[in-house]
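The values are calculated or read from the model by the stated rules, or taken from the named source; none is laboratory data. Predicted, not measured: the structure shown is a model, and the values here were computed from it. FYI the Cβ positions are ideal-geometry reconstructions off the backbone, even for glycines, and counts take in every protein chain you see.
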There are 2 protein chains.
Amino acid sequence: MAGHRSERGLKRGELARRTGCHLETIRYYETAGLMPEPARTDAGHRIYDPEQERRLRFILRARELGFTIEELKGLLKLIDGDGPSCGDVYDMAEAHIASIRSKITDLKKLEKTLVEISTECARGEAPDCPIIDALYESA
Amino acid sequence: MAGHRSERGLKRGELARRTGCHLETIRYYETAGLMPEPARTDAGHRIYDPEQERRLRFILRARELGFTIEELKGLLKLIDGDGPSCGDVYDMAEAHIASIRSKITDLKKLEKTLVEISTECARGEAPDCPIIDALYESA
DNA sequence: ATAGGGCCTGTAGTTAGTACAGGTGCAAGA
DNA sequence: TCTTGCACCTGTACTAACTACAGGCCCTAT
């Protein structure tokens, strides 16, 4: 009769399905120190409570917004009560915005260049391809 | 008297400096099959001729434009005379432009979100940080 | 003669996961 | 009751595109 005293909570696969993340990603976040070690059933299966699901969603959202695992450790320390202030979080967000803007700028330049060289391409069988030629010219 | 019959060409370090790429990257491109095995001095040092420098610049430029190593293999096959036609190169470039455009779109959304949440941040010492709060809400 | 630097090799580390092999337990169908 | 199949467990290897490092060799300058 021991072993199933109403083990409430989600197993790893259920949590993965609910949050839309890959099964193994959850275990990865655990070893990376972002997710706490969860409770286990008698069989050793991980059991997650709603607070842990909330935390995982937070992590996934921050990753979506481009924060690195290392940055997330900082954010989570703040959440967990010790560590940096809100000002530090703000600074991280600002730095992040700056790097996103520079990525956008670079990608736009890149797009322009690619469009220029590809419109010159006659889409033919010519042995000298204008795209190839363009790539030979330095940026 | 053997060993220095005017070994013309660049050594690996010189080529790296001239092209602005990392020393080890050149060796990496060699093992990856993008750069040919270069000539060697009697001491076994790699010696690059201008054609090889040209090829390296081509590779670096294409990488800058976001082509993957695998895509580069296709481009280089074309250059080397066998393989796909100019039309294939055009298709690769077009696919590339599409993926760049979608990256730009995503980054813009992301920037907007981050700006929104960070402007709400009072940059204070408040225990509940609006950025953290915003991250807890799903996208 | 020796100290420094550049080069050589093979291998391991990086980021953020994903995939896989081999094993255990649980629950339902035949 | 058996058994089949799935979900889960673990550790490890793989991905992209490099970068870094350890341990040696050789060349040049002092």
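All conditions but one from (1) more than 14 Å from every other protein chain (Cβ to nearest Cβ); (2) more than 11 Å from DNA strand D (Cβ to nearest atom); (3) not polar (S, T, N, Q) apply to A:ALA16; the one that does not is (2). Restricting attention to the stretch B:76-98, the residues that are more than 7 Å from every other protein chain (Cβ to nearest Cβ), closer than 27 Å to B:THR19 by Cα and either in a helix (DSSP H, G or I) or small (Gly, Ala, Ser) (or both) add up to 4.
Of all residues in the stretch A:98-115, count the ones that are hydroxyl-bearing (Ser, Thr, Tyr) and surrounded by 15 or more Cβ atoms within 10 Å (Cβ to Cβ).
Initial filter on the stretch A:98-115 (hydroxyl-bearing (Ser, Thr, Tyr)): A:99, A:102, A:105, A:113.
Cutting the leftovers down to surrounded by 15 or more Cβ atoms within 10 Å (Cβ to Cβ) gives us A:113.
Counting residues in the stretch A:98-115 that are hydroxyl-bearing (Ser, Thr, Tyr) and surrounded by 15 or more Cβ atoms within 10 Å (Cβ to Cβ) gives 1.
Can A:GLU51 be described as in the same structural domain as A:THR31 (by TED's automatic domain parsing), within 21 Å of B:VAL115 (Cβ to Cβ) and in a helix (DSSP H, G or I)? No, not satisfied. Hey, can you tell me all the residues within the stretch B:9-39 that are more than 19 Å from B:ASP80 (Cα to Cα), more than 10 Å from DNA strand C (Cβ to nearest atom) and over 17 Å from the mean Cα position of the chain (by Cα)? Matches in the stretch B:9-39: B:GLY9 only.
Note on the stretch A:58-71: among residues that are facing another protein chain (nearest Cβ under 7 Å) and either modelled with pLDDT of 95 or more or outside any helix (DSSP H, G or I) (or both), the one that is nearest to DNA strand D (Cβ to nearest atom) is A:GLY66.
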